[in-house]
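Here is the structure we will look at, set down as structure tokens.
The values are calculated or read from the model by the stated rules, or taken from the named source; none is laboratory data. Here the structure is a predicted model, which is why all the values come from computation and not from measurement. Here the Cβ positions follow ideal geometry from the backbone for every residue, glycine too, while neighbour counts run over all protein chains shown. Note: areas computed on protein heavy atoms with side chains; ligands, DNA, RNA excluded. Shrake-Rupley method; radii C 1.70, N 1.55, O 1.52, S 1.80 Å.
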Amino acid sequence: MSRIGKIPILIPKEVILKIENEKIIIKGPLGELYQSFSNKNIEIVNKNNYLFINNKALNEKNGRSMHGLYRVLINNMIIGVTKGFKKILEIVGIGYKASNKGQFLELSLGYSHNIMIKCPDEIKIDTKNEKGKNPLIILSSYDKQLLGIVADKIRSFRKPEPYKGKGIRYLGENIIRKTGKSA
């Protein structure tokens, strides 16, 4: 049995949870999320404000892995609709800039043209451009999966290079630096 899958999930008072036809719907103060679970061996039980994920196929490797996966997905959904998630991207490089107008993000990354990105409505965008510091892109959302996809898409426009470290990186990300040619 999965060690992660055995841990019960506490359902806060402000969260409304519905389980219908292989689908779980979670509503909270920040939004609404749903996840379908088509695995016949996984059973979700709600008892006394705790959610238990039971596995009927303990001997199958796929059943054990799905047990922990569904528990983590549901737990992330509950955390998302109550507290939300945040990712901060840092732009390193001379002349690299970021600005936002509503849901549009404009990036100036040293290409011949600026890059315009329209982010989904579920994601809130904020940019900080302080003098003497690297520009920051702050993304926040209640959907962790969508937030990760959008943050990775933004990062893919100019990944950090290993020689000078220029590019878009997650705040606090450690880039392994290479030494250049020696004279």
A correct Karplus calculation of ³J(HN,Hα) over the stretch 170-182, with 6.51 cos²θ - 1.76 cosθ + 1.60, θ = phi - 60°, whole Hz and x for Gly and Pro, returns 6, 4, x, 6, 8, 9, 6, 9, 9, 7, x, 5, 8
If exposed means GluC sites (Glu not before Pro) lying in a DSSP loop and surrounded by at most 13 other beta carbons within 10 Å, then the longest stretch of the chain lacking such sites spans residues 61-129
The helix 144-155 Cα axis meets the longest alpha-carbon principal axis of the chain at an angle in degrees, between 0 and 90 and rounded to 10, of 20
Too long for a 26 Å Cα-Cα cut-off, among LYS87/LYS181; LYS56/LYS86; LYS27/LYS87; LYS6/LYS40, are LYS87/LYS181; LYS56/LYS86
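Show that you can apply the helix-only estimate: for the chain, add -39,500 (n - 2.57) for every DSSP H stretch of four or more residues, divide by all residues, and state [θ] at 222 nm to the nearest 500. Before the final figure, lay out each step's value.
Details: 3 runs with 38 residues, N = 183.
Calculated at 222 nm, the ellipticity per residue is -6500 deg cm²/dmol.
Counting only protein heavy atoms, what percent of the accessible surface of the chain is carbon or sulfur at a 1.4 Å probe?
On the way: 5890 of 11640 Å².
C and S fraction of accessible area: 51 percent.
At 1.4 Å probe size, with every protein chain present, just tell me what the per residue accessible area of the stretch 1-129 comes to in Å².
Numbers: 7930 Å² over 129 residues.
That works out to 61 Å² per residue.
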Expressed to two decimals, the chain has a Cα Rg over Rh, using the Kirkwood radius, of 1.10
Computed ³J(HN,Hα) along the stretch 101-112: with the Karplus parameters 6.51/-1.76/1.60, θ = phi - 60°, integer Hz and x for glycine or proline, the list is 10, x, 8, 9, 10, 10, 10, 10, 10, x, 7, 6
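May I ask you to list the trypsin sites (Lys or Arg not before Pro) in the stretch 135-183 that are in a DSSP loop and have at most 11 other Cβ atoms within 10 Å of their Cβ?
Values: sites: LYS144, LYS153, ARG155, ARG158, LYS164, LYS166, ARG169, ARG177, LYS178, LYS181; in loops: ARG158, LYS164, LYS166, ARG177, LYS178, LYS181.
When the trypsin sites (Lys or Arg not before Pro) of the stretch 135-183 are filtered for loop state and at most 11 Cβ neighbours within 10 Å, LYS178, LYS181 remain.
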With ALA57 itself left out, Lys, Arg at +1 and Asp, Glu at -1 over residues whose Cβ is under 12 Å from its Cβ give +2
